[in-house]
1. Hey, can you find the accessible area per residue of the range 53-113 for me, probe 1.4 Å, expressed in square angstrom?
2. Straight-line reach from K119: which aspartates and glutamates have a Cα under 12 Å away, not including same-chain ones fewer than 8 places off?
3. Within the range 1-108, how many Lys pairs sit with Cα atoms under 21 Å apart, leaving out pairs fewer than 8 places apart on the same chain?
4. Taking the Cα centre of the range 34-76 as the origin and placing charges on Cβ (Lys, Arg +1; Asp, Glu -1), which of S37, Y67, L53 is farthest toward the positive end of the dipole?
5. When only alpha-carbon atoms are used, what values of Rg and Dmax, in angstrom, describe the range 1-50?
6. Kirkwood hydrodynamic radius, the range 81-127, all distinct C-alpha pairs: what's the number in Å?
7. Could you check how much of the accessible area of the range 1-114 is carbon and sulfur, as a whole percent, using a 1.4 Å probe?
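The values are calculated or read from the model by the stated rules, or taken from the named source; none is laboratory data. Not measured: the values here are computed from a predicted model. When we count neighbours, we look across all protein chains shown, and the Cβ atoms used for this are built from the backbone with ideal geometry, even at glycine. Please note that ligands, DNA and RNA were not included when accessible areas were found on the heavy atoms of the full protein model with its side chains. Shrake-Rupley method; radii C 1.70, N 1.55, O 1.52, S 1.80 Å.
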Amino acid sequence: MAAETSFDYYYGDESNQFSFYRIPRQLVTGDRFKRLSTDAKLLYGLLLDRMSLSAKNGWYDEQGRVYIYYTLDEIQEDLNCGHDKATRMLVELDNGKNGFGLIERVRQGQGRPTKIYVKRFTTRAVPTPPPEPSPRPRLFSGQDCGEVAAKTAEKPQSRVRGSRSQDCGKVAPNYIKSNQTDFSYTDPSILPSGSPPGMAGMRWMDRLEQRREVDEAIGYESLCSQFNREDVDEIAELIVDVLCTTRPTLRIGGEELPIAQVKDRFYKLDSGHLEYVFDCLRNNTTQIRNIRAYLLTALYNAPTTINNYYQAAVQHDFGP
């Protein structure tokens with residue numbers, strides 16, 4: 001049998017410890033209310049709390065709008081302030097010339113208290129969406145992209161590189177459309193044809209997971225802020241193709257290499273390597289007939305040639 005629990009009573013003013021005045025977050029963080037004083041924001045919270053009395057007392061006008069009564073004397077007592085300060089806070093909240101329009105006071109005269117309409121602190125206006133940023137120029141948009149890339153580079157280089165790595169220079173003459181065979185499968189999946197039933201969902205889940213890992217490794221969002229998103233996606237998908245392929249070998253630079261060796265290189269790629277590849281594309285002035293083969297070779301050689309590439313550029317800029 002569970003032990004009985006004895007709960008204590010509330011004593012004195014402890015019964016009020018769970019009563020709160022609510023001040024809307026928008027009044028604190030919203031740009032339009034930055035000039036509204038802290039005291040006026042507190043008073044608005046008290047006015048909102050008074051709204052709960054309206055339903056009980058039936059304080060609605062002929063249009064069904066809710067109003068409250070909150071006299072200056074009550075404000076001065078609740079906020080422990082003088083007449084001038086209480087008046088100044090009401091003026092700040094009022095819809096007059098210098099007010100924020102959060103309340104509207106209607107004087108009734110003949111000794112009756114002023115009606116106060118508490119207004120919404122948000123608007124129903126739909127904000128105008130910001131203009132779409134102009135698209136970044138593509139570094140490559142098809143098979144023949146060398147000249148276009150050189151002419152439309154986002155940040156064209158004012159100097160000529162002292163040297164360029166072999167993988168990003170002229171493309172080997174055997175890279176033509178007629179003999180492009182990299183990743184040309186009769187079965188479009190990354191697994192061989194005839195895979196057991198139920199493997200389709202698994203392989204695509206594996207591919208999606210691999211893409212997430214690639215995006216993290218290459219700093220995807222950072223690259224997209226520097227280069228055209230479509231270009232970054234194209235290279236990211238090419239990396240995923242390599243890491244997910246089940247082929248035993250892959251043609252790199254005109255040579256069939258073991259896929260394990262190729263994957264080992266591709267697993268080392270990071271944002272710096274991809275920036276290097278994009279840099280090579282920008283500075284290339286020759287026609288690229290097989291962009292996929294070009295990129296495969298550039299990505300494979302990037303981890304081993306990037307240092308020499310930039311060292312040569314530095315020597316060219318600061319040489320004797």
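1. 66
2. Within the straight-line limit of under 12 Å, K119 reaches these aspartates and glutamates: D94, E104.
3. Values: K34/K85; K34/K97; K41/K85; K41/K97; K85/K97.
Lysine pairs, 8 or more places apart or on different chains, close enough: 5.
4. S37
5. Looking at the range 1-50, its Cα Rg and Dmax stand at 18.9, 61 Å.
6. One decimal place: 12.1 Å for the Kirkwood radius.
7. On the range 1-114, the fraction of accessible area on carbon and sulfur atoms equals 47 percent.
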